Amino acid sequence: VLRPVLRGLEEAPGRVLADVGGGTGNYAAALAVEGWEPLVIDRSRSMLALAAAKGLRTIEGDAHSLPLENESIDALTLISVLHHLDDPAIALAEARRVLRPGGRAVVVAFTREDISDLWLIDNFPISSSWMDETHPPLSEIVEPLPGATGEQIVVEDLEDASIAALASFPELVLQPDWRRQTSYFERLERDHPRELDAGLERLRRDLDAGSAPDRPGRASAISWVKPG
Ligand SMILES: C[S@@+](CC[C@H](N)C(=O)[O-])C[C@H]1O[C@@H](n2cnc3c(N)ncnc32)[C@H](O)[C@@H]1O
């Protein structure tokens, strides 16, 4: 994930970067090592406390209304956040607003195309009801960012606690601590416990039979340059 993010941010006019929905600061910390000056923005205080414990600068704020001046930021990331938002297009408009001319944004998101190949949805079919709704196609995501380019990436690094990374390691789905890191399994456990148990049982049988799903999880990295 980090490689396309760094590529997309290259040539930003400066090093100040807003990591919007930055959560525990995993990516901000990795970007700081690469010379960026990240500011982790998130609406969750408990996530921000974990980011601050990593020595990162944090601001409590909402992606739909960023607590930043117009054209004040050199670069911006939104990593695994869009599917949590009520209105992703507003968050992307905010990204456009706060970036300086020539500023760079990289959005890592799960598009409808990415999730259409996600074996977890076959295994836990009830999830298709909300996954389709919360994961628009790439064309819709890039609409507020004219000229943006997207590339599909395979997510195989468990430092990224997303559903895409977990899908690359089916055996870890059977371990509650791993799956509970994702909002996908949080939701299944809370709202559909019987479907969760049935899907886990199917997966256990498949793994025992040596026919584990072997489709890695995918996401898209969308890069955009603010004109001017
Ligand atoms: C799946 S986590 C991703 C965290 C981090 N970007 C990463 O990839 O490790 C989604 C994050 O978005 C945050 N979030 C959700 N809705 C938000 C909003 N409206 N404004 C700001 N942050 C939000 C959550 O609190 C959470 O930290």
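The values are calculated or read from the model by the stated rules, or taken from the named source; none is laboratory data. Because the structure is a prediction, the values reported are computed rather than measured. Every residue, glycine among them, receives a Cβ derived from its backbone with ideal geometry; neighbour counts consider all protein chains shown.
Observations, loosely collected:
- Residue check: residue 5 meets all listed conditions (1) without any contact (Cβ under 8 Å) to a residue 12 or more places away in the chain; (2) among the β-branched types (Val, Ile, Thr); (3) under 23 Å from residue 101 (Cα atoms) but one, namely (1).
- Hey, residue 68 touching a Phe, Trp or Tyr at 6+ places or on another chain (Cβ under 7 Å) and assigned to a loop (DSSP other than H, G, I, E, B) or not: no
- Matching residues in the range 26-43 - criterion: being farther than 19 Å from residue 95 by Cβ and either in a helix (DSSP H, G or I) or within 14 Å of the ligand (Cβ to nearest atom) (or both): 26, 29, 30, 32, 33
- Each residue in the range 60-83 was checked for being within 13 Å of the ligand (Cβ to nearest atom) and surrounded by 15 or more Cβ atoms within 10 Å (Cβ to Cβ), and 14 pass.
- Complete set of residues in the range 6-32 that are farther than 24 Å from residue 46 by Cβ and crowded, with 22+ Cβ neighbours inside 10 Å: 8, 9, 12
- Scoring residue 87 on the criteria (1) within 16 Å of the ligand (Cβ to nearest atom); (2) of a type outside the set (Phe, Trp, Tyr); (3) surrounded by 18 or more Cβ atoms within 10 Å (Cβ to Cβ) leaves a single failure, condition (3).
- Filtered residues of the range 168-182 (kept if crowded, with 20+ Cβ neighbours inside 10 Å and under 14 Å from the mean Cα position of the chain (by Cα)): 182
- Residue within the range 80-99 that is part of a strand (DSSP E or B), modelled with pLDDT of 95 or more and among the basic types (Lys, Arg) present: no
- Taking the criterion of being out of contact with any Leu (no Cβ under 8 Å at 6 or more places or on another chain) and either among the polar types (S, T, N, Q) or crowded, with 23+ Cβ neighbours inside 10 Å (or both), the residues of the range 35-47 that qualify are 44, 46.
- Between 112, 100, 96, the distinction of being within 17 Å of the chain's Cα centre (by Cα), away from the ligand (no atom under 12 Å from the Cβ) and surrounded by 16 or more Cβ atoms within 10 Å (Cβ to Cβ) belongs to 112 only.
- A single entry from 20, 1 fulfils the requirement of being at pLDDT below 95 and within 9 Å of the ligand (Cβ to nearest atom): 1.
- Only listed residue being touching a residue at least 24 places away in the same chain (Cβ under 8 Å) and closer than 24 Å to residue 206 by Cβ, chosen from 95, 164, 75, 148: 164
- Evaluation of residue 134 against (1) within 16 Å of the chain's Cα centre (by Cα); (2) within 30 Å of residue 203 (Cβ to Cβ); (3) more than 15 Å from the ligand (Cβ to nearest atom) (one fails), failing number: (3)
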